[in-house]
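The structure appears below as structure tokens.
The values are calculated or read from the model by the stated rules, or taken from the named source; none is laboratory data. Every value quoted in this text rests on a predicted model; they were computed, and no experiment measured them. We place every Cβ from the backbone using ideal geometry, glycine too, and count neighbours over all the protein chains shown. Just so you know, the surface numbers come from the protein's heavy atoms only, side chains and all, with ligands and any DNA or RNA stripped out. Shrake-Rupley method; radii C 1.70, N 1.55, O 1.52, S 1.80 Å.
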Amino acid sequence: MKKNKTANVMASIYMLVFVALFLVLAGRFMYIQATGEVSGVALDEWAENQRTTSYKMNAERGQIMDKNGMVLAYDRPAYRMYAILDEGYSENSPEALHVSDTEETAEELASILDEEESEIKGILDEAVEAERFQVEFGQLGRQLSQQEKEAIEEAEIPGIYFDEEPMRYYPNGMFASHIIGFAREVEEETEDGIEHSITGVTGMENVMNEVLGGKDGFISYQRDRFNSKLLDPDEIIQEPEDGDQVYLTIDQKIQTLLEDLMTQVDEQYNPVKMNAIIMDPKTGEIMAMSTRPSFNPNSPENVENWYNDPISSPFEPGSTFKIFTWAAAIEEGVYNGEETFESGTYQPNERIEEIRDHNQGEGWGDISYDEGFMRSSNVAASKLLWEDIGADEFYEYIQAFGFEEPTGIDLPDESVGRIQYNWPSEKLRTAFGQGTTVTPIQQMRAASAIANDGQMVKPYVVDKIVDSTTNNVLEETESEYTGQPISPETAEEMKELLASVVNDEDGTGAPYKLDDYVVGGKTGTAQMPDPEGGGYLTGKENHVFSFLGMAPMDDPQLMVYVSIQQPELEDTESGSAPLAFIFNNVVENSLHYLDVEPEEDESNKIQEVEFPEVAEQSAESVQSELEEQGIQPILIGEGETIVASNVEAGERILPNEKVLLLTDEPTMPDITGWSLREVMSFADLLNLQTERFGNGYVTSQGIEVGKPIQEGDYLGFELEVPSGESSETSSDENDDDNAGEEEAEEGNNDDEAENEETEEE
């Protein structure tokens, strides 16, 4: 009886426990059913999130264009590779849709991508061990080209798939790189995983990042566990808003010419640095700007110099600064060009160090101040400041010309030089550009007052911003005057002085004289500070040689600044040799291209030809017609009908210019000897995917001559600078330079006096 009683008690207890548990569970279920929440999480929302996947839809980054609409930077498609590893993905499929053999997969991918098989297999094996549904391949699976993607697809490797991703591309390679800059892909972790986007790093890509970047969209839908869309996916699509287009003031033809010339000089003279700016002095538009060392924005690796030196690196300008000393004297009304002075040396009093002319203080005897400007006399500059203008008054002109403030150019990282103007010796040296530092763009702004009737104009590189969808102009830059340091009368007198430097037999700028146009300008030869011992480096090559010039002098349309630091010169060469090669070629060709009338010999003017309509016409007749007009037609293929050309009907081109004519049966031409510009024009005509190696002119091509080609094909090619070409070209260009040692001496040593004996040329 006692045992039965105990059993009944225990049964009652268990029954109560089970009843309590039932009530708790039933109550919990009723609560969940009534509220639809578990631990504060709404079940409907949780289920929705589990079933719904969302992807970002990248906005297409806006293009960067030159002034005439030539594309300088754009997005082109690339591909990101990934592998699906889950066996369930292949259910109900007659063939494998997932990676079933990591070793075989790694072997095939490695052979196509030229990567290590062990690295690829390691990625796959690690993901399989972690039981991951899919895996990406890191950097080796990113930004694959169309050719690489197609090769992998043709290999039919199970489980390998691709997502399209944008890649920023610069069709001209090392072209205005410090202005355009570059953009790169960045990764960002989000709730939905890692997202990829393109952002600007340097140059315009960085400054205009928000304008170019646009606004990303997204797509979301409900899916099963294999990420396949359901029959009723409840799809939501938010279309992306593409970035706007940025038009620069850069002219692609002038910039390309400048880049080619600088590359040749770089190869021949191996300088430490080179800089060049081409500006319209009437508007402030920067038509071209380049610096060396430069870089290719498509592969910005091992970059020697990130700085855009023409705006970011102040240095002692040398005698180009004398332009503003003479302008100040004329404006003050204290200048008499016919007045004479004793050249050679100058010492206002015994407490001030002696100033010497650049020819070791020998001078040229008793000469006029006009001749002092032509010969670049340091003594003349110092005497004008100390005895005529006045040191305090000249400092006011330094400020009026804007040398203590940035120009405000719409490029990043502009720097301002330092005016060393405390002690008498510093003031005297500032008059001829020694000790004080400025940037090339500051000098260009200041000199625009001479070309522009006394008014300085603000330099700029962004021409306009255009809506990529509607093509409406959203913003447009207008020219802006930033001061008037001198009168129109002073500007006119300075033009005459600058013209005399180049065109007078005693001028230091003789190497810069042109046949078709009257050039004016000022040479500079600034010594290099000694970073170790103080003072300045000695030796013929340890200078920054420069020239600031404009043409034509009756109404300047171009103003050009070029400089070269420590070039490797021949014994008989002056520092003007490499600069004149760049300046003369770029000014002569650019003025003809801009249809500026020659001033001296109308018979030398190159007559442009209007390109006719060639589409859907006979290839043979078009070829014959163009050859009669002096144009060099190149037929692409052996078809009988022309379908397109790289020049539009009505466009005016120069005689002897190459024109590509695409026939209806295109084949690969022999591009050996072509320039990069010509190859890229050919590639654009057929929308080819290109990859180049080196610089200069084509020496080999990846597609055989005569092989049929079609839109989207891949073309790889190698370029080299022909040995001896730059040397020969430079020599020809400078045949008219100072022929004798005396003229070479005058042309090269036009600069500042030193208190140490230096080996001035």
Strands (runs of 3 or more DSSP E) (entirely within the range 514-567) containing at least 1 residues that are open to solvent by less than 20 Å² (accessible area, probe 1.4 Å) and of a type in the set (Phe, Trp, Tyr) = 543-551, 558-565
Pairs with Cβ under 8 Å, 6+ apart, first in the range 489-512 and on the phi > 0 side of the Ramachandran plot, second open to solvent by less than 40 Å² (accessible area, probe 1.4 Å) and part of a helix (DSSP H, G or I) = none
Which condition breaks for residue 654 when tested against (1) surrounded by fewer than 17 Cβ atoms within 10 Å (Cβ to Cβ); (2) at pLDDT 85 or above; (3) aliphatic (A, V, I, L, M); (4) touching a helix residue (DSSP H, G or I) at 6+ places or on another chain (Cβ under 9 Å)?
-> (2)
Mind checking which residues of the range 265-286 are over 30 Å from residue 483 (Cα atoms) and not charged (D, E, K, R)?
-> 265, 268, 269, 270, 271, 272
Name the single residue, out of those in the range 231-252 being at pLDDT 90 or above and farther than 11 Å from residue 175 by Cα, that is surrounded by the most Cβ atoms within 10 Å (Cβ to Cβ).
-> 248
May I ask you to list the residues in the range 468-501 that are under 27 Å from residue 458 (Cβ atoms), open to solvent by less than 60 Å² (accessible area, probe 1.4 Å) and not in a loop (DSSP other than H, G, I, E, B)?
-> 482, 483, 488, 490, 491, 494, 495, 497, 498, 499, 501
Which condition number does residue 210 fail, the rest of (1) within 30 Å of the chain's Cα centre (by Cα); (2) over 30 Å from residue 677 (Cβ atoms); (3) at pLDDT below 90; (4) not basic (Lys, Arg) being met?
-> (3)
Could you tell me which of the residues 623, 607, 566, 617 is within 30 Å of residue 264 (Cβ to Cβ) and at pLDDT below 90?
-> 607
Go through the range 343-381 and give me each residue that's in contact with a Lys or Arg (Cβ under 8 Å, 6 or more places away or on another chain) and assigned to a helix (DSSP H, G or I).
-> 373, 378, 379, 381
Sole miss for residue 436 among (1) open to solvent by 20 Å² or more (accessible area, probe 1.4 Å); (2) in contact with a Gly (Cβ under 9 Å, 6 or more places away or on another chain); (3) among the hydroxyl-bearing types (Ser, Thr, Tyr); (4) in a loop (DSSP other than H, G, I, E, B) is condition (1)
Can you find a residue in the range 412-430 that is open to solvent by less than 30 Å² (accessible area, probe 1.4 Å), within 18 Å of residue 384 (Cα to Cα) and not in a helix (DSSP H, G or I)?
-> yes
Subset of the range 84-98 [within 21 Å of residue 151 (Cβ to Cβ), modelled with pLDDT under 90 and hydrophobic (A, V, I, L, M, F, W, C)] | 96, 97
Could you list, in sequence order, all residues of the range 387-411 that are in contact (Cβ under 8 Å) with a residue 40 or more places away in the chain and open to solvent by 30 Å² or more (accessible area, probe 1.4 Å)?
-> 388, 393, 400, 408, 410
